[in-house]
Structure formats: C-alpha cells, structure tokens
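Mind looking over this structure? Questions follow.
Bear in mind these aren't lab numbers, they're just calculated from the coordinates by the rules spelled out. Owing to the predicted nature of the structure, the values given are computational and were not obtained by experimental measurement. Here the Cβ is made from the backbone with ideal geometry for all residues, glycine too, and neighbour counts use every protein chain on show.
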Amino acid sequence: MIHAPRLTGRRIRELRTKLGLSQAELAAHLHTSPLTILRWENDHIRPEGPGASLLAAMDARLREREQRESAEKLKQVLGAAAATLVLATLLEALFGKSR
C-alpha cells in the first residue's frame, strides 16, 4: 500500500481550484460525494484510502508542474537580464560611460 502524505483542507481546495474542478467534479473523479469533498476542505474529516492516494498523486503532479513553470520563468528573467547586460556593455563600448 502506498503511504500518502496528509493534505490539509486548504491544500485540497487549492488543488481542486487550480485544476478547475468543482467539488462535484472532484467527487466524481474520486468516486465520493461532494459532501465528502466539502468536509475534507473544511478539515472536518481527512481523506483515507484510495481517495487520499489519488489526491496525493494529483498534488505531486501539480507541484511538479508549478516547479517547472517557476524554473522556466526564472530562465526567462535571467535571459532578459543577460541580454540587458550585453546591450549595456555594447553601448558603453561604443559611446563610453555617460557622466
């Protein structure tokens, strides 16, 4: 049996909304009721069994995607910064420092 980390109700809600799912849609995917999803999100009960494992897998995939997107944004920012530095260096070489 796979040990799934416990997700908080807040994280379950965040996961559901980032995936663009209603409580009813998530419930259908996890073969449970919308009331159960509501109770999970409000920390009244904790997911157990296959539902907990599926949520943990969904959470892991979403975190991986967010990390890749963050890394890509960082590359873009660093690329832009490098281009700006190159341009500044070229302008300085051509026109000298402005004082």
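How about segment 30-43: which of its residues are part of a loop (DSSP other than H, G, I, E, B) and touching a Gly at 6+ places or on another chain (Cβ under 8 Å)? Spell out how you get there, then give the answer.
Residues of segment 30-43 part of a loop (DSSP other than H, G, I, E, B): 31-33, 42-43.
Residues satisfying the conditions are His31, Thr32, Asn42, Asp43.
Check whether at least one residue in segment 68-79 is within 30 Å of Glu25 (Cβ to Cβ), of a type in the set (Lys, Arg) and surrounded by 11 or more Cβ atoms within 10 Å (Cβ to Cβ), and report yes or no.
Keep residues of segment 68-79 that are within 30 Å of Glu25 (Cβ to Cβ), which gives 68-73.
Now restrict to residues that are of a type in the set (Lys, Arg): 68, 73.
Right, trim to surrounded by 11 or more Cβ atoms within 10 Å (Cβ to Cβ) and you get none.
The answer is no; no qualifying residue exists.
If Asp59 meets every condition in (1) part of a loop (DSSP other than H, G, I, E, B); (2) in contact with a Leu (Cβ under 8 Å, 6 or more places away or on another chain); (3) not hydrophobic (A, V, I, L, M, F, W, C) apart from one, which number is that one?
Exception for Asp59: condition (1).
Looking at (1) assigned to a helix (DSSP H, G or I); (2) under 14 Å from the mean Cα position of the chain (by Cα), find the lone condition where Ser53 falls short.
So the condition that Ser53 fails would be (2).
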